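Q: Please read through the structure below; I'll follow up with questions.
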Amino acid sequence: MENTRQPILLRVRQHLRDAVGRMHPSVSFVSCIGVLLAYLTGVYITGSLHEASRWMGAMLACTSLVVVLQSNSYKASLRTGWTRVLGTFLGALVAYIYLKMWPFSIVGMLASVFVLEMLCMLVGIYRNGRIATITLLIILLVSQMTPHVSPAVNCLLRFTESVVGVAVGIALLWLLERWNRWLYPQKYANTVTDKNMNMDTMPLRWGHFRVLVVASLGQITGAGLATLVGVILPMIQIFRHPGLTSLQQGLVAATSLVGIMVGSVLFGAWSDKKGYLFFFRFCPALILAASLFTFFTADLFGLVTGLFFMGLGIGGGYSLDSDYISEIMPRRWRLLMVGVAKAASSLGSIAAAAVCFFLLREWGDPHRLLLLVAFMAVVMLLCRIRFEQSPGWLIAHGRISEAEEAVRYFLGPDVEIGEIRNRPNKTQMPKAAWSDLFKSGQVKKVIFSGIPWACEGLGVYGIGVFLPVLVMALGLETGAESAFARITDSVLLTTWINLCILPGFVLGLLLVNRWYHVRTQTWGFVLCAAGMAILLAAYEFRWPVWTAVSGFMLFELFLNAGPHLMTFIIPPQIYSVAERGAGAGLAAAFGKLGAVAGVVFIPMLLKWGGASLVLWVTIGVLLAGALVTAVVGREVLPDRGRSVRPEIRRD
């Protein structure tokens, strides 16, 4: 029985794998772009001249596009497009002659179809000439629906709409072909070479950017969820659960962070045993299921449960994203690209705040905003369908040939595996437990990598999650009478403040290979504390609103240029390969503990001492992070001068 069941399961698994392999989300995405362009062009071209038939125009443009996109190549699309344009012209010509001489009638319509198809047979496009008949029928029906439109305008519009659809389709195929030539230069090359490139020293190509984008989606979703919680929470308190205490508000807001912390530990350990790829796909599926569960339950229990499992999926992704990036990237780009992935979280914060503002004005229901997380989870899942197992994990488990295939899948057939080939087998790799990190000579590494990360966690998540609440507590919104209007105004101001996150990361990335990382992190803490001090002074002395907003923006700018970026890339520089898993995991745990503490205590601080107490505590924590970095960091990570490029330890 067992022997017969096994082949059935294998066949089912193979069929599922083949079915998934036929799915090409990028192709469907291109089709959607083309349909949108054709639709908008058809509607606006026709609508500006004859509004009553604009939907017919959009239909004709879209059908022309779809027919052209069925071509196998750009050159084939030229013939298809020309045939379609010719057929449309003949259909419009016959329709114009008929309508100019006689009014519409069923007999006349059938006679026109007969004459047109004979004409298409004569010129040799009958098999492809159905578009001529479609055009003729649309023109005749539009003339019946709107008899006041002149035959010339009617025929000219239908011809133009078809030409527009054909042009959009041909242009998209041309761009797609050029794009594929850049993605897969070996496939389109005229000459064949036996010389392969080493993945550690090769130049960047599309495969690197693809891994970077797909792995960064988790950072974007995580930051977007934190911003979303900050928008939803005050609305839940005001409109649905006004009896929530300050502690309960903090605990609800911290639920997703606890999920992230648990998920990064659990999925990180499970993926080491079972492989990265399954969990790389499972995490967005879990986020999708949790977000839909929260949306359909619509109560506080469902929100808390859903936030925890969404965080669980996001945390699991965090444990895998940087590994994929560091394994695939060339050595000289490795550290920078890990930082770029972290910087991608700024896009999530900015986009989530902006989209929440516009959707709140349209929907007026904060509960629907959870669909944003579901949408991001769908995007993540689709992007990860056509992906491959981690080469590093395959090497660690002795599957060398599969690792080589994975590298060729990501980077191309002319790329050979790099230094990860020399990694010891998983059973031979030295391991370090968390307890080993507290031995003599190691404690300073824990302090340097952990304490500043915890201090940074307060600023990123504590202030970040409750930013709309702080904006209202500081009185920076417009002061509208209704609570809903005040919240939407605070979300708009949050969007403007979050715009400084991306420039902050860009500034930090520009300094990654140019400035001593300890100095960058120290000054980042000091300057973002200065931003908080400006905000505090503006609040206490009733300075103009722009002064307070400037303080907020300075805080976000230097927090992300310094601590938020540096705490992410410092652990791989100070821990050896044997220590890295435990060391980086412990540092991240410190960071999440600081984030959870900040999110839990900020509502309580607001209750005890208002916005002033929150700002004073934040300034103190940031300066403590600067002090630890300046004192301990110089011993753990000495300055080696600008001539030495910072790198991840490989010993």
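The values are calculated or read from the model by the stated rules, or taken from the named source; none is laboratory data. What you are looking at is a predicted structure, and each value in this text was computed from that prediction instead of being measured. Here the Cβ is made from the backbone with ideal geometry for all residues, glycine too, and neighbour counts use every protein chain on show. Side chains included, ligands, DNA and RNA excluded: accessible areas come from the protein's heavy atoms. Shrake-Rupley method; radii C 1.70, N 1.55, O 1.52, S 1.80 Å.
Q: Between Glu635 and Glu540, with labels modelled 7 Å along Cα→Cβ, what's the label distance in nm to one decimal, could you check?
A: Using points 7 Å along Cα→Cβ, the separation is 3.4 nm.
Q: Label Lys273 and Arg386 with points 7 Å out from Cα along Cα→Cβ: what is the distance between them in nm?
A: About 3.4 nm separates the two model spin labels.
Q: Mind checking which of Tyr575, Ala58, Met235 is farthest towards the positive end of the chain's charge dipole, using Cβ charges of +1 (Lys, Arg) and -1 (Asp, Glu) about the Cα centre?
A: The residue sitting most towards the positive pole is Tyr575.
Q: Suppose R0 equals 45 Å. What FRET efficiency, 1/(1 + (r/R0)^6) with r the Cβ-Cβ distance, do Leu627 and Ile33 give to the nearest 0.05?
A: 0.30
Q: If the chain between Asp200 and Val304 were fully stretched, how many nm would it gain, using 0.36 nm times the residue separation less the Cα-Cα distance?
A: 33.0 nm
Q: Then there's this: Amide H of Glu416: which non-local residues (sequence gap of 5 or more, or other chain) have their own amide H closer than 5 Å, using H built in the peptide plane?
A: When sequence neighbours closer than 5 places are left aside, the close amide H contacts are Met197, Asn198, Met199.
Q: Could you pull out the longest piece of the chain with no exposed loop trypsin sites (Lys or Arg not before Pro) in it, calling a site exposed if DSSP puts it outside H, G, I, E, B and it has at most 14 other Cβ atoms within 10 Å?
A: 196-425
Q: For Leu336 paired with Met121, estimate the spin-label separation in nm (one decimal), with each label point 7 Å from Cα along the Cα-to-Cβ line.
A: Output for this residue pair reads 6.7 nm.
Q: Here is a follow-up. Would you be so kind as to identify which of Ala529, Met261, Phe279 lies farthest towards the positive end of the dipole of the chain, taking Lys and Arg as +1 and Asp and Glu as -1 on Cβ and the Cα centre as origin?
A: Highest projection toward the positive end goes to Phe279.
Q: So what J values fall out for the range 166-172 if you push phi through Karplus, 6.51 cos²θ - 1.76 cosθ + 1.60 with θ = phi - 60°, rounded to Hz, Gly and Pro as x?
A: 5, 5, 5, x, 5, 5, 5
Q: In percent, how large is the relative contact order of the chain, given Cα pairs closer than 8 Å and 6 or more residues apart?
A: 15 percent
Q: HN-Hα J couplings of the range 521-531 from phi, Karplus 6.51/-1.76/1.60, θ = phi - 60°, integer Hz, Gly and Pro as x?
A: With the stated coefficients, the range 521-531 comes to 5, 4, 5, x, 4, 5, 6, 6, 5, 5, x Hz.
Q: Next up: Quick check on my link table: of Lys274/Lys444; Lys342/Lys607; Lys274/Lys592, which ones sit more than 30 Å apart, alpha carbon to alpha carbon?
A: Beyond 30 Å between Cα atoms: Lys274/Lys444; Lys342/Lys607.
Q: Given +1 on the Cβ of Lys and Arg, -1 on the Cβ of Asp and Glu, and no further charges, what dipole in debye does the chain carry about its Cα centre, rounded to the nearest 20?
A: 1320 debye
Q: On a full-extension model of 0.36 nm per residue, what is the gain between Trp55 and Ile400, subtracting their alpha-carbon distance, rounded to one decimal in nm?
A: Taking 0.36 nm per residue and subtracting the Cα distance, the gain is 118.5 nm.
Q: Net charge around Ala76, counting only other residues with Cβ within less than 13 Å of its Cβ (Lys, Arg = +1; Asp, Glu = -1)?
A: Its environment carries a net charge of +2.
Q: A further question follows. Could you work out how far helix 577-636 tilts from the main Cα principal axis of the chain, as a 0 to 90 degree angle to the nearest 10?
A: 90 degrees
Q: Can you give the FRET efficiency for Met145 and Leu10, using 1/(1 + (r/R0)^6), R0 = 56 Å, r = Cβ-Cβ distance, to the nearest 0.05?
A: 0.45
Q: Mind giving me the FRET efficiency for Tyr409 and Gln442? R0 is 51 Å, r the Cβ-Cβ distance, nearest 0.05 is fine.
A: Once rounded, the FRET efficiency stands at 0.85.
Q: Among rounded, prolate and oblate, which fits the range 32-178 when a ≥ b ≥ c are the square roots of the eigenvalues of its C-alpha gyration tensor, a/c under 1.5 means rounded, and a/b larger than b/c means prolate?
A: It is oblate, given that a/c is not under 1.5 and a/b is not larger than b/c.
Q: Multiply the residue separation of Trp174 and Ser73 by 0.36 nm, subtract the distance between their alpha-carbon atoms, and state the gained length in nm to one decimal.
A: Additional length available on full extension: 35.5 nm.
Q: Sticking with this one: Solvent-accessible area per residue for the range 246-403 at a 1.4 Å probe radius, Å²?
A: With all protein chains present, the range 246-403 gives 37 Å² per residue.
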